[in-house]
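Presented below is the structure to which this report refers.
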Amino acid sequence: MIKNYESIKSFRKLSICFEELENYMEGHPDNFYFFDMSHLYYMEDTLSFEKKGYENYIYMGSWLVNSPWYNNKMREWGIDDPAKALLEKDNVYIVYQEVDFDTRDFLDYYFEEHYPGTSIEVVDTFISSNGFKYEILKPKYN
């Protein structure tokens, strides 16, 4: 019973930060955001087509990639290639949750390898009321 309570408490903590992050993104409706899927686990309303707020973000990775829903969402925003869109469109960003068990080196390595002469800059940060920190990242040519 205690284990179940701790699990529910932990899930609620993640839900709160994700709801607040959604509000942040909804406050920037002209921007489009890619999430690092490995750090976001709350997906209860992700596929709710009635949810208005789910219009300007999508997950990187997971089973959603290349699904009809995913492809439609990308088309709506005029995105054929996520990496190119991140570099070429001023309003496309990556949201990365800072965590103790991982770094965002994989993103730096990816862009360095596939797009030499680029770097990833932190253009904004968001800290939820329960202490989760997110970086809003923008790959750019140097």
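The values are calculated or read from the model by the stated rules, or taken from the named source; none is laboratory data. The shown structure was predicted, so the numbers you read here are calculated from the model rather than taken from an experiment. Reconstructed Cβ throughout: ideal geometry from the backbone, glycine too, with neighbour counts over all protein chains shown.
Among the residues of the range 92-111, what is the count of those that are surrounded by 14 or more Cβ atoms within 10 Å (Cβ to Cβ) and not aliphatic (A, V, I, L, M)?
The number of residues fulfilling the criteria is 8.
Do we have any residue at all in the range 63-71 that's touching a helix residue (DSSP H, G or I) at 6+ places or on another chain (Cβ under 8 Å), surrounded by 14 or more Cβ atoms within 10 Å (Cβ to Cβ), at pLDDT below 90 and in a loop (DSSP other than H, G, I, E, B)?
Yes, the range 63-71 contains at least one residue that is touching a helix residue (DSSP H, G or I) at 6+ places or on another chain (Cβ under 8 Å), surrounded by 14 or more Cβ atoms within 10 Å (Cβ to Cβ), at pLDDT below 90 and in a loop (DSSP other than H, G, I, E, B).
With the structure loaded, tell me whether ASP90 is assigned to a loop (DSSP other than H, G, I, E, B) and touching a residue at least 60 places away in the same chain (Cβ under 8 Å) or whether it fails that test.
no
Taking LYS89 and the conditions (1) within 15 Å of the chain's Cα centre (by Cα); (2) modelled with pLDDT of 95 or more; (3) basic (Lys, Arg), which numbered condition does it fall short on, given that it satisfies the others?
Among (1) within 15 Å of the chain's Cα centre (by Cα); (2) modelled with pLDDT of 95 or more; (3) basic (Lys, Arg), the lone unmet condition for LYS89 is (1).
Taking interchain pairs and intrachain pairs at least six residues apart, which have beta carbon atoms under 8 angstrom, with the first residue in the range 113-125 and closer than 30 Å to GLU20 by Cα and loosely packed, with under 10 Cβ neighbours inside 10 Å and the second modelled with pLDDT of 95 or more and small (Gly, Ala, Ser)?
Correct list of pairs: empty, since none qualify.
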